[in-house]
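**Q** Please read through the structure below; I'll follow up with questions.
Read-outs: derived from the displayed coordinates by stated rules, not from any lab. The structure displayed is predicted, hence computed values, not measured ones. Please note: Cβ atoms are built from the backbone with ideal geometry, for glycine as well, and neighbour counts cover all protein chains shown.
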Amino acid sequence: MAGPLIPAEHQPHLPRERLILTEAPAEERIDMDVVFVGAGPAGLAGAIHLAQLVQRDNESGDGIGEVVIGVLEKAASLGEHSLSGAVVNPRAFRELFPGSSDEDFPFGGPVARESLYWLSERRARRLPTPPSMRNHGNYVASICEIVRWLGEKAQELGVDVLPGFPAGALLTDGERVLGVRTVATGLGREGEQLSGYLPPADVVAKVTALAEGTRGMLSLAYQEWQGIGSENPQIYALGVKELWELKRPLDRVIHTMGWPLPNDVFGGSFMYPLEPTVAALGLVVGLDYPDRTFDVHDRLQRMKAHPLFREYLEGGELVEWGAKTIPEGGYYALPERLSGDGVVMLGDSAGFVDVPSLKGVHYAMQSGMFAARAIFEALKADDTSRARLATYDRLVAESYIRDDLYRTRNVRPAFTGGFFKGAIRAGLATLTRGRFPGGRIDMEPDATASRRPGAVPRVPYDGRLTYSKVDAVFKSGNATRDTIPSHVIAGENLPPEVAEFYAHMCPAGVYEVSDGKLVVNAPNCVDCKATDVVGPRWTPREGGAGPQYKRM
Amino acid sequence: MKIAVCIKRVPDSEARIKVAADGKAIDETGVKFVLNPYDEYAVEEALKLKEGAGAGEVVVVSIGPDAAQETIRTALAMGADTGVLLKADAVGLDPLPVAKVLAAELKDGGYDLVLFGKMAIDDSSHGVGPMVAELLGLPCVSAVAHLEISDRTGKAEREIEGGVEVVEFGLPAVITADKGLNEPRYPALRGIMMAKKKPLEVKDAALEPGGIEVVRLSPPAERKAGRIVGEGPDAVSALVEALRNEAKVL
C-alpha cells in the first residue's frame, strides 16, 4: 500500500441486524421489571439505587410492590471483565450509601502523595500537578473489588445479579426496547451445538438499562438504529494495565507523560499503590495515533525498563495483566439523548469520562443512580415511554457530570495534531475553564485518522520484567476454550498493512499476520474493544469467555 | 427417590493460592470460591436419577461459612430442590467431625441415596463420604465412574488400575462420584432465577475440634525451567542424549 492507510475503508459495518431483533420474544421468556445490561459500577449502582427507592416506597405504605430487578453480566463472576486505573472519587459512593463512611467502601488507601513526570528515555523530570489531576481526597482502588462489593450490596437488596449471561441483542417492537436476548453457550467453531449447549434466553423488561461499559455493542446499535448523534464522534483510548507485587513499597500516585510515547501520540502512564507493595501500572494511548505499527502493549513493556519504574518492579512479580478501551470524546461526544422507549444508556456506554482528571467510575455510578430515579418514577406512573424516561437526561444535564465534562470539553480535542501544541491549547482551555478556544474543536472518528508506515522496534521479552502478548493473555486469566466460534468480524482480502495495523493494535494477540494474511485467534480476546473502534467488529460471545480479572 | 448430595465450597482450581501469614491456612483475599468440581458430578447424577425416575427430591447439604449459601444456590440453579447449610465459620482438616455433623443431619431424612464427590479439591482427603456411610451403617462405593439404579438395588463401576470394578449394592447407600460419571450441566438463566426462591435452611453446626492439627502449609517446590536443546533434525540426537543421560527416561 503506497498511500496512507485509512482504517475506516477496511472496517465492516456494525452488524445491526444481529444486535437489534424485531421478532417477538420467545414464549419461554424471563420476565423482569428492569434489566441492567452489565454489572459494572453504572449498572450495579443503578440497580442498588432502584432497589433502595422501591424499598423506601414500600415501607411508606401503599408502595409500588415487588419490582424484579436483574443485572446481566458477561463475565463468569462479578468484576472479572472490569478494568480501571483507578483513583476513585468517593462522591457517588457517599451519595449511594449515606449511612456509611469512606472506610466502609472497597478502597485501597487514600491518595497521600502524587507526582507527575515528563519522561525521556532515561530521565524523569518532575512537573507541577495541574489542578485537574489533583487527587487529594480520592482513593486508589481496584474496580474488580468495587464491582464485587457493589454486587453483594445489590444482592442484599434482592437484586438478581446474573453473571455469565451476556446480552447479545436488543428485543424491539416498533421504537420500543422490550428487553434482551442472551448469547448461547456451548457452540462449536462452526456454530454446532456441543454437549454443554445452553440456548439463548429472552429477558423481557419494562426498562432495559444499557450499562455495557466502553463501546457497548447494544448501545452503539441502539444509537445507530435510532439515529442518535453527537456533536463530535466518540473517540477512544486503549489502556494496557498490569498489577505487580513490588519488592519496594510505593508511597504515592505517579503519572507520566512523554516517553515512551512519541510527541504526536496522546497518552500517558500511571502507577498506583493498591497496597504499599501491590501496584497498578498502565499506559493509556489515544487510538488516533498516526503510526500503523504503534503497539501499546509493547510500549508498556519498554516503559518498565525506565529507571522510574524499574526500581519498583525489578525483583517483583507480575500478578495480572489486562486491557480496556476508554471513551475519551468527553462532552461533545455524548449522545444527544440517553433514553428512549423502554431504554436508558449509562456510564461508559454513554461516554461519561473526564479525560483531564482521568475519572469515570463515579460518573458511571452517578448516572446509574439518576437512571434509577427516572426508572422508578416511570414504573410508579406505569409509563416507561421515551418522554417519561427523559427525566434521566434532565437529571444528568443538571448535574456535576455535565458540568465537569463541559468544563473540560475542549481539552482532549486540543491534542489532535501533536502533544506540544495540544498541551498549550489544553492548558488554555483549562485556565479559562473551557472557554478557550471558544466553540468546539472538531474531532474525527479514530477510524478515519490516517496511519503512516512506521518502524517496528523489537521488544525483548524476558519473562521477568517484560512479557509477550501470549504470556500477557495468560496473566489476564483468559481460559476461553479453543473451540469457541469466532466472535470478531474482520474485513475480507485485507491488505497486509491493514492486517499488521490490527496485529500491532490488539494487545492480546488476537490478530497475527501470516504470509501477508490476517490470522484471527479469537479465544485470546480480552474484550478491550480496541480493534472494534477502527477495524474488525467485536460481537458478544458466550458467558465467561474472555479475561478473569481479579484485582484490576 | 429421595437423594441427598453433600457439597463443599472450595477455592477455584484456577485461583492463585497463597499461604496466609500464620503459615497454617490459605490467604483467602481475592480468591474465588466454587462448587467442588467432584461434587458437581454428584449433583448432576442426582438430577439425572430424579429425572429418569420422573419423580423424587434432591436435597443439597453443605457445611461451611455463610458464603457457602452461594455454593448451595449453584446446585439449586442446576435443578436441586432444597438446600441445607450447616453453618460453621471454620471447617478443619479432620474429616471425622464433618462426617459426624453430616451423618446427624442425614440420619432421619429418609434418604435412598447419599451422594458425595470422591474428594474436595482443597484438602484431597477422600474421607468424609466413606465416614458418613460408616456412621450411618450404610454400604459405600467410592470413586464411581458409572452408576445405574433399578428398584432398590444399584450397580456401580469404579475405574481401577488396569480395569473396571463392578459393584452391586442395595439402597440406601452412599456413593462418591469420580470424574467421568457424567457431564455436569450449566445452570440456565431461568434455573438461576428460580433457585433464588427455593428453600435454603441455615442451621448452626456444632463441629467437634477434631484430632488433626495443621503444623505448616507450604507451596510445592518450583519446577525447573525447561530447556530447548536445539532446532531442526540436528536437535534429535541432542534430545535423545538429554532424555537418556539427564532425564534418564529412555
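**Q** Compute the distance from the alpha-carbon center of region B:40-56 to that of region B:82-106, in whole Å.
**A** Cα centroid to Cα centroid, the span is 23 Å.
**Q** Give the Debye-formula value of log10 I(q)/I(0) at each listed q (0.09, 0.15 Å⁻¹), with one equal scatterer per alpha carbon of region B:2-204, two decimals each.
**A** Debye intensities relative to I(0), on a log10 scale: -0.32, -0.90.
**Q** Distance check, please: which entries in B:Lys48/B:Lys155; B:Lys18/B:Lys203; B:Lys48/B:Lys100; B:Lys118/B:Lys203 exceed 22 angstrom between their Cα atoms?
**A** Among B:Lys48/B:Lys155; B:Lys18/B:Lys203; B:Lys48/B:Lys100; B:Lys118/B:Lys203, the Cα-Cα distance tops 22 Å for B:Lys18/B:Lys203; B:Lys48/B:Lys100; B:Lys118/B:Lys203.
**Q** Over all alpha-carbon pairs in region A:183-320, figure out the percentage whose distance exceeds 22 Å.
**A** Value for region A:183-320 (Cα pairs over 22 Å): 60 percent.
**Q** Ignore the peptide's own chain and count Cβ atoms of other chains within 10 Å of each Cβ in A:209-220; give me the average, rounded.
**A** 0
**Q** How many percent of the alpha carbon pairs in region A:1-97 exceed a separation of 15 Å?
**A** More than 15 Å apart: 77 percent of the Cα pairs in region A:1-97.
**Q** Something else: What's the Kirkwood radius of region A:342-403 in Å, using all Cα pairs?
**A** After inverting the mean inverse Cα-Cα distance, the result is 11.9 Å.
**Q** Provide, for q = 0.10, 0.16, 0.19 Å⁻¹, the log10 of I(q)/I(0) from a solvent-free Debye sum over equal Cα point scatterers in region A:93-225.
**A** Values, matching the q order: -0.63, -1.03, -1.17.
**Q** Express the Stokes-Einstein translational diffusion coefficient of region B:96-225 in µm² s⁻¹, to the nearest whole number, given a Kirkwood radius over alpha-carbon pairs, 10 °C and a viscosity of 1.306 mPa s.
**A** The Stokes-Einstein estimate is 91 µm²/s.
**Q** What share of Cα pairs, in percent, lie more than 55 angstrom apart in the protein assembly as shown?
**A** Every Cα pair in the protein assembly as shown considered, those over 55 Å come to 13 percent.
**Q** Right, something else. Find, among the trypsin sites (Lys or Arg not before Pro) in region A:431-489, those assigned to loop by DSSP (not H, G, I, E, B) with at most 11 other beta-carbon atoms within 10 angstrom.
**A** Loop-located and lightly packed - A:Arg433, A:Arg458.
**Q** Using alpha-carbon pairs under 8 Å, 6+ residues apart, how would you state the relative contact order of chain B in percent?
**A** 24 percent
**Q** On average, how many beta carbons from a partner chain sit within 10 Å of the beta carbon of a residue in B:192-202?
**A** 2
**Q** Then there is this: Compute, for the protein assembly as shown, the length of the dipole vector about the Cα centre, with Cβ point charges of +1 (Lys, Arg) and -1 (Asp, Glu) only. Units Debye, rounded to 20.
**A** Using Cβ point charges on Lys, Arg, Asp and Glu, the protein assembly as shown gives about 2900 debye.
**Q** In nm, give the distance between the simple-model label positions of B:Ala206 and A:Ser115, each being 7 Å from the Cα along the Cα-to-Cβ direction.
**A** 6.1 nm
**Q** Need the full-extension length gain, A:Arg458 to A:Glu28, defined as separation in residues times 0.36 nm minus the C-alpha distance. One decimal, nm.
**A** Full extension from A:Arg458 to A:Glu28 adds 149.3 nm.
**Q** For chain A, what does -39500 (n - 2.57) per DSSP helix run (n ≥ 4), summed and divided by total residues, give at 222 nm, in deg cm²/dmol to the nearest 500?
**A** -8000 deg cm²/dmol
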